[in-house]
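First comes the structure, then the notes that go with it.
The values are calculated or read from the model by the stated rules, or taken from the named source; none is laboratory data. This structure is a prediction, so every number in the text was calculated from the model and none was measured. Cβ placement follows ideal geometry from the backbone for every residue including glycine, while neighbour counts extend to all protein chains displayed.
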């Protein structure tokens, strides 16, 4: 059977998904013909439709976050216009918001949770001409109604899954676009329950269905790296696991063997308070070029009461110190801006902390992900966005009295400058600062290009004056 898997990253640029790659591997292992496509912009939709019309697949499956699902409301009707294939959508958004099936009439079904075996069952049933409306994890539109099937248990042993089968051209394009960085992930789930993260919504959905946080064995993880090193050209790796230090036994075995087998520099994510000195030294010895540290916010009380993260600023400083003493110089501080109940003064606490740590700032705009407790807070207080599509984690979306959307966006835009240029005062009244920033944006966005055009035009005008026709 011909199957097309589509991973939309509209507005974010080329990328690839290890989750979609894992689904592709399971389907190909069963003998299906699978095509993997990344949808990086709305301009790519025409090419996707043309390829679908030419290849005539029987099954088309999209993966979607909440932001990308809004984009699919425009994409899927165009796909349906050129194909009679069964069209389904899976990913985090359909999992936590399954009623989204009603929002796109052209969708035949959604896939909730882990998609490898539900999609395999669907493809096999379609190939055999059997009814597929009662496959676990699927919500299927049939006869004017929707059949809502239960979730199957989580995949307990990730080693039973084949390595993600990523399209060579699409994946290499994404690696090249990210300056030679190849992203890999060896775990699923997280044992923490941060109220802003979709992991806590997923763990609630899967309660009673197995252990939520799982890892590939170190041996299988190393085999996957070798497999990708033989297929792709990359300069360094980013291990996308939410917190790679959660399982210390796994951490020790994996990085000890990685150091013996590979020379690729790498980055990974850390949570303050989960790193010891021997672990930091092992990271450096294995080739750690940098780490991304989840700071989230600079005010301890706010971080604890609103974000559910109990680590102190002292623990953050200790983690930074351990990395720096081990020789890991690139330390990225991940923070969120525009959180519910945040104020300008609370935001400046984040700026002050990052200044004192002397780290590389890496900021996100807070996004109210469906199913999370903070998103419910935004909904109850009517702070949710008033438009459907936005650039995920880069564009301010919520608006509340003490921290307007416009203020949040300005703080996001200038955050890195405020952290790096320490002599800039933080006590300047915000309104003048906001107006100055608007003036700067106007100058760089309109005046500077006009001045450049004028400078380019001066020699031409001089020639016109000299050589213009005489009356």
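With in contact with a helix residue (DSSP H, G or I) (Cβ under 8 Å, 6 or more places away or on another chain) and on the phi < 0 side of the Ramachandran plot as the only criterion, which of 74, 80, 28 stands out? Let's see the steps before the verdict.
Details: 80 fails: in contact with a helix residue (DSSP H, G or I) (Cβ under 8 Å, 6 or more places away or on another chain); 28 fails: in contact with a helix residue (DSSP H, G or I) (Cβ under 8 Å, 6 or more places away or on another chain).
Residue meeting the stated conditions: 74.
For region 365-415, the set of residues classified as farther than 27 Å from residue 41 by Cβ, touching a strand residue (DSSP E or B) at 6+ places or on another chain (Cβ under 6 Å) and assigned to a loop (DSSP other than H, G, I, E, B) consists of 383 only.
Applying the criterion of being in contact with a strand residue (DSSP E or B) (Cβ under 7 Å, 6 or more places away or on another chain) and more than 17 Å from residue 61 (Cβ to Cβ) to the residues of region 138-152, the residue that is surrounded by the fewest Cβ atoms within 10 Å (Cβ to Cβ) is 148.
When residue 88 is tested against (1) assigned to a helix (DSSP H, G or I); (2) under 25 Å from the mean Cα position of the chain (by Cα), only condition (1) is not met. Screening the candidates 262, 236, 251, 255 for the property of being within 21 Å of the chain's Cα centre (by Cα) and closer than 20 Å to residue 284 by Cβ yields one hit, 236.
When residues in region 49-85 are screened for being over 13 Å from residue 3 (Cα atoms) and not in a helix (DSSP H, G or I), 3 of them pass.
Here is a yes/no grid of residues against (1) touching a helix residue (DSSP H, G or I) at 6+ places or on another chain (Cβ under 8 Å); (2) over 27 Å from residue 290 (Cβ atoms); (3) modelled with pLDDT under 90:
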{"site": "327", "(1), (2), (3)": "yes, no, no"}
{"site": "330", "(1), (2), (3)": "no, no, no"}
{"site": "336", "(1), (2), (3)": "no, no, no"}
{"site": "346", "(1), (2), (3)": "yes, yes, no"}
{"site": "361", "(1), (2), (3)": "yes, no, no"}
{"site": "365", "(1), (2), (3)": "yes, no, no"}
{"site": "377", "(1), (2), (3)": "no, yes, no"}
{"site": "399", "(1), (2), (3)": "yes, yes, yes"}
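Scanning region 160-177 for residues that are loosely packed, with under 12 Cβ neighbours inside 10 Å and over 22 Å from the mean Cα position of the chain (by Cα) yields a total of 1. The residues of region 207-220 that are more than 21 Å from the chain's Cα centre (by Cα) and either over 13 Å from residue 157 (Cβ atoms) or part of a helix (DSSP H, G or I) (or both), listed by number, are 207, 208, 209, 218, 219, 220. Specify the residue that is farthest from the chain's Cα centre (by Cα); the eligible residues are those in region 26-48 that are part of a helix (DSSP H, G or I) and closer than 30 Å to residue 202 by Cβ. Residue satisfying both the conditions and the ranking: 29.
With respect to the conditions (1) out of contact with any helix residue (DSSP H, G or I) (no Cβ under 8 Å at 6 or more places or on another chain); (2) touching a residue at least 60 places away in the same chain (Cβ under 8 Å), residue 183 falls short on a single one, namely (1). In region 296-311, the qualifying residues are those that are in contact (Cβ under 8 Å) with a residue 24 or more places away in the chain and out of contact with any strand residue (DSSP E or B) (no Cβ under 7 Å at 6 or more places or on another chain), and the one that is surrounded by the fewest Cβ atoms within 10 Å (Cβ to Cβ) is 308. Could we say that residue 35 is without any contact (Cβ under 8 Å) to a residue 12 or more places away in the chain, at negative phi and surrounded by fewer than 18 Cβ atoms within 10 Å (Cβ to Cβ) here? No; evaluated as a whole, the condition is false for this residue.
Give me the residue from region 1-14 that is under 20 Å from residue 391 (Cβ atoms) and surrounded by 18 or more Cβ atoms within 10 Å (Cβ to Cβ) and, out of that set, farthest from the chain's Cα centre (by Cα).
Of the residues in region 1-14, the ones under 20 Å from residue 391 (Cβ atoms) are 6-14.
From what's left, surrounded by 18 or more Cβ atoms within 10 Å (Cβ to Cβ): 6-10, 14.
Working: 6: 16, 7: 12, 8: 11, 9: 9, 10: 12, 14: 12 Å.
Applying the filter and picking the extreme gives 6.
Table: residues versus (1) more than 25 Å from the chain's Cα centre (by Cα); (2) over 25 Å from residue 187 (Cβ atoms); (3) in the same structural domain as residue 23 (by TED's automatic domain parsing); (4) assigned to a loop (DSSP other than H, G, I, E, B).
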{"site": "94", "(1), (2), (3), (4)": "no, no, yes, no"}
{"site": "101", "(1), (2), (3), (4)": "no, yes, yes, no"}
{"site": "110", "(1), (2), (3), (4)": "no, no, yes, no"}
{"site": "117", "(1), (2), (3), (4)": "no, no, yes, no"}
{"site": "122", "(1), (2), (3), (4)": "yes, yes, yes, no"}
{"site": "127", "(1), (2), (3), (4)": "yes, yes, yes, no"}
{"site": "140", "(1), (2), (3), (4)": "yes, yes, yes, no"}
